Amino acid sequence: MATSDRVLSQDEIDGVFRRLAEEQAKTEDDDPARRALPYDFRRPDRIAKDQLRSIHLLHENFARSLASSLSAYLRAYVMVNLVSVEQLSFLEFSQCLPSPSCIIAMGTGIPDSRDAARRIGQADGVKPGNA
C-alpha cells in the first residue's frame with residue numbers, strides 16, 4: 001500500500017495539530033523578538049542622531065516632490081519648506097498647538113481624465129454612456 005493511499009483517523013489528525021501547536025508555543029516563548037514589549041508614550045525613546053538625519057533628508061525630498069507635483073497640478077508656483085524635524089512626546093506636541101486647533105488628514109488623489117470627463121458630463125446633464 002502506498003503512503004498516498006493511507007487514510008488518517010481523526011485521532012491521528014488531532015495529534016499532528018496538537019504537536020504542531022506545542023512546537024509553535026515553544027519557539028514563540030524562546031524568541032524574545034516575538035514577545036510584545038510595553039511602550040510608554042509619555043517618555044518615548046530618543047531617536048539616534050543618524051536616524052534623525054535620515055528622517056530629515058526623507059522629509060526634505062518629500063517637500064521637494066510635493067512642491068513639484070503641486071506646481072504641475074495647480075499650474076502655479078508652489079514652495080514647500082521643511083521647517084524642522086523634532087522628536088516630542090504627544091503631551092509636548094499637544095501643548096504646543098494653539099487653541100482652537102484642527103488636525104486634518106487629507107488625501108491628494110488626483111483623478112484621471114475619465115473621472116474628470118464623467119464629472120463634466122454629469123454637470124452638463126449628460127448621463128454616463130450617452131456621450
Scan the range 41-61 for residues that are surrounded by 10 or more Cβ atoms within 10 Å (Cβ to Cβ) and part of a helix (DSSP H, G or I) and jot them down.
-> Gln51, Leu52, Arg53, Ser54, Ile55, His56, Leu57, Leu58, His59, Glu60, Asn61
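Residue-wise test of (1) assigned to a helix (DSSP H, G or I); (2) of a type in the set (A, V, I, L, M).
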{"residue": "Ala63", "(1), (2)": "yes, yes"}
{"residue": "Ser68", "(1), (2)": "yes, no"}
{"residue": "Ala76", "(1), (2)": "no, yes"}
{"residue": "Glu92", "(1), (2)": "yes, no"}
{"residue": "Pro98", "(1), (2)": "no, no"}
Any hit, the range 109-130, residues being hydrophobic (A, V, I, L, M, F, W, C), under 30 Å from Phe41 (Cα atoms), at pLDDT below 80 and assigned to a loop (DSSP other than H, G, I, E, B) = no
Restricting the range 21-40 to residues that are in a helix (DSSP H, G or I) and modelled with pLDDT of 75 or more, the one nearest to the chain's Cα centre (by Cα) turns out to be Gln24
Filter result (closer than 30 Å to Pro44 by Cα and either surrounded by 12 or more Cβ atoms within 10 Å (Cβ to Cβ) or of a type in the set (Phe, Trp, Tyr) (or both)) within the range 65-91 = Leu66, Val80, Leu82, Val85, Gln87, Ser89, Phe90
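The values are calculated or read from the model by the stated rules, or taken from the named source; none is laboratory data. Keep in mind the model is a prediction, meaning the values are calculated, not measured. Neighbour counts are summed over all protein chains in view; Cβ atoms, including those assigned to glycine, are modelled from backbone coordinates with ideal geometry.
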